[in-house]
Each structure stands twice: as structure tokens, then as C-alpha cells.
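Each remark here refers to the structure printed beneath this line.
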Amino acid sequence: MTRTTLTLDDDVAAKLKDLCGRTGESFKEAVNRVLRDGLNIKRLQRPEVPFVVKARALGLRPGVQIDNIAELLEQLDGPGHA
């Protein structure tokens with residue numbers, strides 16, 4: 001076991017003291033459990049395989065030009081689109 005000095009922000013200390021009151025744990029037990037839980041969550045949330053987006057060509061309809069937005073809307077939605 002390692003003994004160390006830990007400086008806590010007031011809000012964190014208050015939450016830990018409240019936790020001790022609800023669980024009956026000592027302050028030391030609560031700090032260790034909360035730290036252990038937090039460290040384990042980070043490890044569990046890390047994806048083992050990175051998410052990869054597979055790109056694919058969507059293509060355009062034949063004859064559709066994307067240079068002029070008004071013309072494109074007219075071609076796709078018909079004349080008088082609103």
C-alpha cells in the first residue's frame with residue numbers, strides 16, 4: 001500500500017463525503033473505490049477495433065450538373081420548386 005497526500009477540489013471532497021454517508025465506507029475506501037471504478041471505465045470504453053467508414057461512390061443521375069444550385073434543384077424537383 002502506498003501512502004500519499006491528495007488535494008481534492010471542494011466539490012469533489014463534498015461528493016465523496018456524501019458517498020461515505022450513504023455507503024458507510026471510510027473516506028479512504030470511497031476514494032479508492034471511485035478511483036478504481038473510474039480507471040476501469042476508461043479501459044472498458046476504449047473500442048478494441050477502431051471504427052472505419054467505408055466510402056463508396058454514390059454517383060449522380062445522368063445529366064445532373066452540380067455547378068448551378070438553382071438548375072440542380074429544378075432538375076431534381078421540377079420547375080417551380082419552392
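None of the figures in this text is laboratory data; all of them are computed from the coordinates on show. Worth saying up front: this structure is predicted, and the values here are computed from it rather than measured. Backbone-built Cβ (ideal geometry, glycine too); neighbour counts: all protein chains shown.
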Please give me the summed charge of the neighbours of A30: other residues whose Cβ is under 10 Å from its Cβ, Lys and Arg +1, Asp and Glu -1.
+2
Quick one: if you stick a label point 7 Å off each Cα along the C-beta vector at L39 and M1, how many nm between them?
1.6 nm
Once label points are set 7 Å from the Cα along Cα→Cβ at both A57 and L8, what is their separation, rounded to one decimal in nm?
6.1 nm
How do T23, T7, T2 rank when sorted from fewest to most other Cβ atoms within 10 Å of their own Cβ?
T2, T7, T23
Taking R0 as 35 Å and r as the Cβ-Cβ distance between L19 and V49, the FRET efficiency 1/(1 + (r/R0)^6), rounded to the nearest 0.05, comes to 0.50
Using alpha carbon coordinates only, what is the Rg to Rh ratio of the chain, with Rh defined as the Kirkwood radius?
1.53
For the chain, how many pairs of lysine residues have a Cα-Cα distance under 22 Å, where the two are 8 or more positions apart or belong to different chains?
4
